[in-house]
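The values are calculated or read from the model by the stated rules, or taken from the named source; none is laboratory data. Everything quoted here is computed from the prediction, not taken from an experiment. Ideal geometry is used to build each Cβ from the backbone, glycine not excepted, and the neighbour counts take in all protein chains shown. In case anyone asks, the SASA skips ligands and DNA or RNA and just uses the protein heavy atoms, side chains included. Shrake-Rupley method; radii C 1.70, N 1.55, O 1.52, S 1.80 Å.
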Amino acid sequence: MGVVGREQLDAVRRLLGALGDTDTFLHCDAATPDSVHRQMLAGAAGNVHSVQRRRTSLATWSLVDAELTALRTALERSRAEHIVVLSGSCYPL
């Protein structure tokens, strides 16, 4: 599972909790304060991995680049055959 988060601390934490034991790879925008990034990961299960942080802006290639980085990392570090990309504002039903 790839999750792209910015500053939606509560939403990202809720999403990470709902994903359970699914291998999850989190990209947190480099513009997000380190303290918020650490709080996103605080208490997360061992299956949640932070990927290289990049500064992104809406409607630019930077978002695609961040997703591609997360996808590459997921393929390198997991045995996933399928990957779903979610944002901090997504919540599975």
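Within segment 15-67, track down each residue that is among the acidic types (Asp, Glu), closer than 16 Å to residue 87 by Cα and over 10 Å from the mean Cα position of the chain (by Cα).
23, 65
Report, ordered by the first and then the second residue, all pairs with beta carbons closer than 8 Å, sequence separation of six or more or different chains, a first member in segment 45-62 that is closer than 16 Å to residue 13 by Cα, and a second member that is open to solvent by 30 Å² or more (accessible area, probe 1.4 Å) and part of a helix (DSSP H, G or I).
Once the first residue is closer than 16 Å to residue 13 by Cα and sits in segment 45-62, its partners that are open to solvent by 30 Å² or more (accessible area, probe 1.4 Å) and part of a helix (DSSP H, G or I) give 48/41; 49/77; 50/41.
Could you look through segment 68-93, keep only residues that are over 13 Å from residue 24 (Cβ atoms) and among the charged types (D, E, K, R), and pick out the one that is nearest to the chain's Cα centre (by Cα)?
Filtering first and then ranking leaves 72.
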